[in-house]
Amino acid sequence: MSVTAEQVTFWVFAIPLVATAIGVIVSRSPVYAAMNLVAAFFFLAGIYVLLVAHLIAFMQILVYAGAVMVLFLFVIMLLSLGDEHLIKEPRRAMQLIGALGVVLLVAVLASAIAQARTGELATLTADFGTVKAVGRVLYTQFLLPFEVTSLLLLVAIVGAVVVAKERI
Amino acid sequence: MPVEYYLWLAAILFGIGLLGVLTKRNALILMMSVELMLNAANLTFLAFARRSGDLAGHAIAFFVIAVAAAEAAVGLAVVIAIYRSRGAINVDEVRVLSE
């Protein structure tokens, strides 16, 4: 079996992706977790490019690794938590029950993947995943959800200000 | 390359995120785990979009990114409000609605 370039690239992105994702949940300091999450988002953007989703890969880096993670880091700095917040370990029983739940969920997902009609890959048009093609779908088939999303972002802006501000 | 590889990667990523949500007690790391789970869902959408050649999956992934941004903004505002009123972001210590 010959190894294609796609397979090599997949593993080059997938292994660091899983490693940094595990780094998010094992690091006790929120700053280290945030840095691991930024790295995970970059590797995930690489996986998106392999799936011919160039626009979404670009937005992943722009919105997630850029905007959302800067927001997280600002809040971490704003709270200025001391070291006493880091030493508390989760309870052992909680970890065991959590791991059990995850194993059960992954088993369900495994059976779902086994039953999924994956089959042959479709042959793609030349403009698949480009800004033009995705934009056409967004502004025709998904016009109403697109407009509702703008409303959602407005509500989120106002809600964040109202909740976080001490006195308005 | 079969799309199962990507689905398995998404399942593992979702499992890691769920483990973080279930076991971590720091509210900030909890929210980062939720972001991981949202990204796993996005990866599944894009994998199936690649298999069927349908761009609707890309549109849904676009909306998921927008919703995740809104969720992060409001969720972090709630974390700031809780820290201001209780001086802690440990979710185990926040168990009553009013003081």
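The values are calculated or read from the model by the stated rules, or taken from the named source; none is laboratory data. These figures come from a predicted structure and were not determined experimentally. Note that we place each Cβ from the backbone using ideal geometry, even for glycine, and neighbour counts take in every protein chain shown. Just the protein is used for accessible areas: all its heavy atoms, side chains included, with ligands, DNA and RNA removed. Shrake-Rupley method; radii C 1.70, N 1.55, O 1.52, S 1.80 Å.
Show me you know the interface measure: the accessible area buried between B and A, both chains summed, probe 1.4 Å, in Å² to the nearest 100.
Buried area between the two chains comes out at roughly 7000 Å².
What's the longest piece of chain A with no exposed GluC sites (Glu not before Pro), counting a site as exposed if DSSP puts it in a loop and it has at most 14 other beta carbons within 10 Å?
Numbers: sites that count: A:Glu120, A:Glu166.
With a cap of 14 other Cβ atoms within 10 Å, the longest stretch comes to A:1-119.
Compute the relative contact order of chain A as a whole-number percentage, counting only Cα pairs closer than 8 Å that sit 6 or more residues apart in sequence.
Details: 83 pairs, mean separation 30.2, N = 168.
Relative CO of chain A lands at 18 percent.
With n ≥ 4 as the cut-off for DSSP H runs, can you work out [θ] at 222 nm for chain B, using -39500 (n - 2.57) per run divided by the number of residues, rounded to the nearest 500?
-27500 deg cm²/dmol
Does the range B:3-86 classify as rounded, prolate or oblate by the C-alpha gyration tensor (a ≥ b ≥ c root eigenvalues; a/c under 1.5 gives rounded; else a/b over b/c gives prolate, otherwise oblate)?
Because a/c hits 1.5 or more and a/b fails to exceed b/c, the range B:3-86 counts as oblate.
Could you tell me which residue out of A:Ser150, A:Gly101, B:Leu9 lies farthest along the dipole of the protein assembly as shown toward its positive end? Charges go on the beta carbon: Lys and Arg +1, Asp and Glu -1, centred on the Cα centre.
So the residue furthest toward the plus end is A:Gly101.
Which value, in debye to the nearest 20, describes the size of the charge dipole of the protein assembly as shown about its Cα centre when Lys and Arg Cβ atoms bear +1, Asp and Glu Cβ atoms bear -1, and nothing else is charged?
Around 300 debye, computed over the protein assembly as shown.
Can you send over the carbon and sulfur percentage of the accessible area for the range A:42-168, probe radius 1.4 Å, protein chains only?
Percent of accessible area from carbon and sulfur atoms in the range A:42-168: 72.
Could you give each residue of the range A:7-20 its phi-based ³J(HN,Hα) in whole Hz, using Karplus coefficients 6.51, -1.76, 1.60 with θ = phi - 60°, and x for Gly or Pro?
My calculation for the range A:7-20 gives 5, 4, 5, 4, 5, 4, 8, 6, 5, x, 4, 5, 5, 6 Hz in order.
Test of understanding: extend the Cα→C-beta vector of A:Ala67 to 7 Å, then name every residue of the range A:131-151 with backbone N under 11 Å from that spot.
Backbone N within reach: A:150.
Rounded, prolate or oblate: which fits the protein assembly as shown, taking a ≥ b ≥ c as square roots of the Cα gyration tensor eigenvalues, rounded meaning a/c under 1.5, else prolate when a/b beats b/c?
It is oblate, given that a/c is not under 1.5 and a/b is not larger than b/c.
Consider all pairwise Cα distances in the range A:14-125 and report the whole-number % of them above 22 Å.
Of the Cα pairs, 54 percent sit more than 22 Å apart.
As a test of the formula, what do you get for chain A when each DSSP H run with n ≥ 4 contributes -39,500 (n - 2.57) and the sum is divided by the residue count, at 222 nm and rounded to the nearest 500 deg cm²/dmol? Walk me through the intermediate numbers first.
On the way: 7 runs with 116 residues, N = 168.
After summing the helix terms and dividing by the residues of chain A, the value is -23000 deg cm²/dmol.
Where in the range A:146-160 does accessible area fall by at least 20 Å² between the isolated chain and the complete protein assembly, at a 1.4 Å probe radius?
In the range A:146-160, residues shielded by partner chains: A:Phe146, A:Thr149, A:Leu152, A:Leu153, A:Ala156, A:Ala160.
Are there trypsin sites (Lys or Arg not before Pro) in the range A:106-168 that DSSP marks as loop and that have at most 16 other Cβ atoms within 10 Å, and which are they?
A:Arg117, A:Lys165, A:Arg167
In chain B, if the dipole is taken from +1 on Lys/Arg beta carbons and -1 on Asp/Glu beta carbons about the Cα centre, which of B:Ala56, B:Leu38, B:Val96 is farthest to the positive end?
Working it through, the farthest residue towards the positive pole turns out to be B:Val96.
Below 8 Å between Cα atoms, with a sequence gap of 6+, how large is the relative contact order for the range B:3-86 in percent? The partial results should precede the final answer.
Numbers: 63 pairs, mean separation 23.8, N = 84.
Reported as a whole number, the value is 28 percent.
Quick one: accessible area per residue over the protein assembly as shown, 1.4 Å probe, rounded to a whole number of Å²?
So the protein assembly as shown comes to 52 Å² accessible per residue, rounded to a whole number.
Using each residue's phi in the range A:140-151, evaluate 6.51 cos²θ - 1.76 cosθ + 1.60 at θ = phi - 60° and report the 3J(HN,Hα) Karplus result to the nearest Hz, with x for Gly and Pro.
Those phi angles translate into 10, 5, 10, 5, 5, x, 5, 5, 5, 4, 5, 5 Hz.
Label point 7 Å out from A:Leu124 along Cα-to-Cβ: which residues of the range A:39-80 have amide N under 11 Å?
A:48-57
Could you size up the charge dipole of the range B:3-86 around its Cα centre, putting +1 on the beta carbon of Lys and Arg and -1 on that of Asp and Glu, and report it in debye to the nearest 20?
Computed about the Cα centre, the dipole is about 340 debye.
Taking the range B:37-99, which trypsin sites (Lys or Arg not before Pro) meet the DSSP loop condition and have no more than 16 other C-beta atoms within 10 Å?
Filter output for the range B:37-99: B:Arg95.
Please get the size of the charge dipole for the range A:48-168, origin at its Cα centre, with Cβ charges of +1 on Lys and Arg and -1 on Asp and Glu, quoted in debye to the nearest 20.
140 debye
Once both labels are modelled 7 Å past Cα along the beta-carbon direction, what's the A:Thr140-A:Tyr32 spacing in nm?
5.1 nm
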